[in-house]
1. At a 10 Å Cβ-Cβ cut-off, how would you order Phe209, Phe202, fewest neighbours first?
2. Listed highest first by mean packing, meaning other Cβ atoms within 10 Å per residue, what order do 267-276, 180-189, 320-329, 159-168 come in?
3. Taking the number of other C-beta atoms within 10 Å as the exposure measure, put Val134, Val73 in order starting with the fewest.
4. To the nearest 0.05, what FRET efficiency results for Asn85 and Ala222 with a Förster distance of 41 Å applied to their C-beta separation?
5. What are the ³J(HN,Hα) couplings of region 203-213, residue after residue, when phi is run through the Karplus curve with 6.51, -1.76, 1.60 and θ = phi - 60°? Round to Hz, x for glycine and proline.
6. Which FRET efficiency value, to the nearest 0.05, do you get for Thr283 and Asp332 by plugging their Cβ-Cβ distance into 1/(1 + (r/R0)^6) with R0 = 22 Å?
7. Which lysines, on any chain, are close to Lys148 with Cα under 29 Å apart, when same-chain ones fewer than 8 places away are left out?
8. Starting from the 7 Å offset along Cα-to-Cβ, what nm value, one decimal, do you get for the label separation of Gln325 and Ala344?
Amino acid sequence: MTDSDSLDPAVDAPPGLTHPAGARRRLRPRLVRLGTLLLAVTVLVAGGVGVGAWLYYRSVERHVARVDAFTEVPAAERPQPVTANAMNLLVVGSDARGGDPARSRADTIILAHLTADRRKAQLISIPRDTWVYVPRSADGRRGGTNAKINAALAWGGTPLLVRTVENFTGIRVDHVVLIDFDGFQEIIDALGGVDVQVDRTFTSIARPFRTFRAGVQRMDGAAALDFARQRQQFPDGDFSRIRHQQAVIRAVLDKATTSGLLTDPPRLDAFLRAVAKAVTVDTALSIVQMAAELRHLGDDVSFLTSPSRGTGRVDGQSVVFPDRQRAAALYDAIRRDEADRWFAATS
């Protein structure tokens, strides 16, 4: 999500405190964090009744923008596919509406792992300031150096971000979903607003300087987007913003699945069309097909942040240093479709 930052990912961010590296939380599959909106929508689609409804959802899918995410990713450097039929989606929240402009920012990066039996999912948030190696871009002009992970999207578009995430995690990305957060505001308004759990009282640093009070607060799209953008007031910076984004998405999906949306055709139409406008997916991803695959997703959805050693400074920038050893263990478990064992060993 955008704030007052420059579009250059090397611009400094406020320093944060050490962030616990793997807090695990289980929620109903509808209450998933930022970027998994697409997954939840496909679950709703899968519940559609009749051929007419199915054809309607296909018509909505035709309006979803597409991006070529993999052509510029050298096959020789890619990790092997994960065990059996498991699937990994790279979910990216950026400030670019549709398409894949070269200077858009990856403000939110989530690796979503769907187990082979599609009954569980693990969603790993990678802080945008994580200090990693970014391969050289396809045009040879940028990259080939260590940088904040969100530099990859700005330097080489979606393909370079895919390469960077695969290089960092050792996990092959099967599909990509890009979400435009200005469009996300329209999704919230299509729902008639949402009730967000605010963790602490604070005032926005941007006009109109809204005050968000601890507790449940009703927000329209503009207020929710403002709430989810804030980070500079907090000692842990982007980690607070990640939690606030999660709170907004929980509220959105809770409202979408408990407010009678599925039985109100005009509201459902507005909601799905707002979603279609807000997301861009890779050329091979079929929302309808994924809907069918996710029908059996169970109650086991886990959320965590990629393990880190806290924050520090490199060349005047505030960065997040990954905990290479713990991250390697986590991503190895994901790659083998055995994340439960990693959680059991680290809980």
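Every number in this text was worked out from the coordinates using simple rules, so none of it is lab data. Worth saying up front: this structure is predicted, and the values here are computed from it rather than measured. Cβ atoms come from the backbone with ideal geometry, glycine included; neighbour counts cover every protein chain shown.
1. Phe209, Phe202
2. 159-168, 180-189, 267-276, 320-329
3. Val73, Val134
4. Given R0 = 41 Å and the Cβ-Cβ separation, E is 0.50.
5. 10, 4, 8, 10, 4, x, 6, 5, 9, 9, 9
6. 0.15
7. Lys277
8. Taking the two extended label points, one gets 2.3 nm.
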